[in-house]
Amino acid sequence: MDSILALAETLMASPWLLLLVLVLAVGDSLVPMVPAETVVLTAGTFAVTGSPSAALLVVAAWAGALLGDVLAHHVGRGAGPWARRLRERRIAGAVIGRTEAALRTRGAVIILGARFVPGARTAVNLTAGATGMPRRTFVLFSSLASLTWSLYYVGIGMLGGLAFAQNPLLGVALGIGLALALGGALELVRRIRARRAAAAGPRRAAPARTGRASPAGTSRVSRSDRAARGACPAPARGAT
């Protein structure tokens with residue numbers, strides 16, 4: 001435990017820490033397995049001591065997250081033809097269609113929520129580029145999402161550092177627990193909304209069932225039948 005704490009303290013005091021945070025935040029937008037949140041959160045825990053600077057840490061995390069999102073959007077724009085081919089497949093086409101519709105109607109909310117769910121942010125950013133979301137609009141939404149993300153992780157890291165000033169590793173554990181809880185809650189909400197949308201889709205697409213014929217229509221048909229029968233009486237029995 002002491003060796004881990006000593007290693008963390010050495011890393012937090014490194015002049016390369018802010019650059020590391022920026023690079024990891026860029027990579028995290030493209031490859032979900034990059035542990036950017038953990039590093040930002042850990043740095044936030046140690047920031048309560050004044051080193052690293054909390055303000056510079058927020059700026060580095062925000063800049064890296066924004067740059068990574070813009071790169072993912074750019075990659076998505078180049079993958080437009082590939083995305084169009086995916087639309088022809090039933091499952092992939094349905095997912096892309098739902099994501100595109102959500103981005104058009106509530107783009108800021110979708111990009112903000114996806115920023116806190118590893119993997120979802122990459123998928124949403126790529127889809128935003130592939131489906132033609134304007135770059136300026138995307139940069140605006142991503143700037144807000146990235147700033148919120150950086151403030152959140154630095155903030156909960158500092159909260160853990162204040163709560164466990166004598167043991168920063170416990171502060172890091174607290175911050176990671178809070179981050180996992182938020183990510184899990186957002187993913188749960190996303191799945192519930194997706195299930196509701198999938199269940200509502202067939203009901204909207206199903207044609208309305210027709211009831212009994214209207215009395216007016218029945219009466220018109222009956223009157224026309226009676227008129228036809230009166231005009232053309234049945235032949236008398238025995239006629240040849």
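All of the numbers you see were taken from the coordinates with simple rules; none came from a lab. This structure is a prediction, so every number in the text was calculated from the model and none was measured. Cβ: placed from backbone, ideal geometry, glycine included. Neighbour counts: every protein chain shown.
Values computed for the structure shown
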quantity: Net length gained if the chain between residue 139 and residue 75 were fully extended (0.36 nm per residue, minus Cα distance); calculated: 21.6 nm
quantity: Ratio Rg/Rh [Cα only; Rh per Kirkwood] for region 21-202; calculated: 1.03
quantity: In nm, spacing of pseudo-spin labels at residue 188 and residue 11 (7 Å Cα→C-beta vector); calculated: 3.0
quantity: Contour minus Cα-Cα distance for residue 59 and residue 166 (0.36 nm per residue); calculated: 35.8 nm
quantity: Approximate spin-label separation residue 31-residue 98, in nm, with each point projected 7 Å along Cα-to-Cβ; calculated: 2.9
